[in-house]
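All of the numbers you see were taken from the coordinates with simple rules; none came from a lab. Just so it is clear, the structure is predicted and the values come from calculations on it, not from any experiment. Here the Cβ positions follow ideal geometry from the backbone for every residue, glycine too, while neighbour counts run over all protein chains shown.
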Amino acid sequence: MQNSTISGTLSRSQMLGERTLSGVGLAVASICTIQVGAALSAPLIRELGAAQVTWFRMGFSALILLVWIRPRIFAYSAAQWRAVVLLGLANAAMTFLFAMALQRIPLALTVATEFLGPLFIAAVGLRGWRAVLLPLLALAGVVLLVGFGDMSATDVAGILCALGAGVGWGSYIILTKRIGTAFAGLEGLVMPFTIAALVLTPFGVATLGTPVSLGTLAMCFGLAVLSPLIPYAFELNALRRLSQGTFGILMSLEPAVGAIAGYFILAQAMGAAQMAGIGMVVIASVAAALGEAKGRA
C-alpha cells in the first residue's frame, strides 16, 4: 500500500514536471517566433504602413482560425463573450500600436518600451522597495536605450506608441489567462482574432492605396502564421501549464530576444550603454515576476 502511494506521488510529480517543462518550451518558442516575425515584418510595415500590415496579418489569422476551429459562437455565455471582446480589443490595440512604433524606432527599443506595460502591472502587486525600485530600474534601462541625443518628433511618437502597446500587452496577458480557463483548446483565440481584425478594418481600408500584389499578400499571410498565430497559440497553452509568475519570468527574455532579432535580421546594432539598458529591463522584469510569485505563495 505504501509503495503504491509513493509510486502514485512520484507519478504525479513526474507529470507535473513534464507539464511545466512543456510550458517553458512553449513560452520560449512563442518569444522567438514573435520577435522573428516582428523583425521580418518591419520592412513591410515601412513599405505599406502599420495599419495595412496589421490588418492583413490579423485578418489572415482570423480566417485560418475560423476555418480550422469553427467556433460554436451561439453557445457562448455572456461571460465568455465579454472575455473574447475584451481580449480582441486589447489584441487590436497592442498589435497596431506595436507596428506603429516599429515603423518609427528600432525593434529593441520598441520591445523594451512596450515591456514597461506588463512590468508596471506586475509592480502594482508588489510591496516595499520592489514596487518603486523595479519600475525605476526599467525606466532607466529605456532611457539608456533611447540615448541622450536629441530626439525628433517621430521618435517621440514611436515611443508613445510603444507605451500604448505596453498597456495593451499587460491587458492581453491578464485576459489570455482568463480565456485559457473559459475555453477548451484554441477556441478561445478565434473570436478575439476576429474581433481584432474587424476593429482594424477601417484603419486598413483607409490606408489602402495602389492595389496590393499577390506576392505582398503571400508575405502577409506567412507573417500572420509566424506571428501572431503561432506565438499566441503557444502562449495560451503555456499559460495553462505555468503560473503567472513563472510565465512572467520567461517573458522577461523578450527584450533581449528582440535585440538579437533586430541585430541579425535588421542589422540594428547596439552600443554598450544600450545593451546595458536591455539588461536593466530584463533584470527588473525577472525581479518583479519573482516578487509576484513569492507574494502568491
(message) Averaging the inverse of every distinct alpha carbon separation and then flipping it gives the Kirkwood radius. What is it for region 22-296, in angstrom units?
(response) 18.8
(request) Give the shape of region 141-272 as rounded, prolate or oblate, defined through the alpha-carbon gyration tensor: a ≥ b ≥ c are the square roots of its eigenvalues, a/c under 1.5 means rounded, and otherwise the shape is prolate if a/b is larger than b/c and oblate if not. (result) oblate
(message) How high is the relative contact order of the chain? Use alpha-carbon pairs under 8 Å, at least six apart in sequence, and give a whole percent.
(response) 37
(request) Could you point to the residue in L139, S22, A101 farthest towards the positive end of the chain's charge dipole, with +1 and -1 charges on the Cβ of Lys/Arg and Asp/Glu respectively? (result) S22
(request) Could you order peptides 207-220, 169-182 by the average number of other Cβ atoms within 10 Å of their residues, highest first? (result) 169-182, 207-220
(request) As a check on your grasp of the helix formula, calculate [θ] at 222 nm for the chain: sum -39500 (n - 2.57) over DSSP H runs of n ≥ 4, divide by the residue count, round to the nearest 500. (result) -28500 deg cm²/dmol
(message) Just to be sure I understand the rule: take each whole DSSP H helix in the chain, project its Cα atoms onto its long axis, keep it if the span is 20 Å or more and its mean Kyte-Doolittle hydropathy is at least -0.5. Which ones pass?
(response) 2-48, 50-69, 78-102, 129-146, 153-182, 187-206, 272-296
(message) Is there a quick way to get the dipole size of region 22-296? I mean about its Cα centre, with the Cβ of Lys and Arg at +1 and of Asp and Glu at -1; what is the value in debye to the nearest 20?
(response) 780
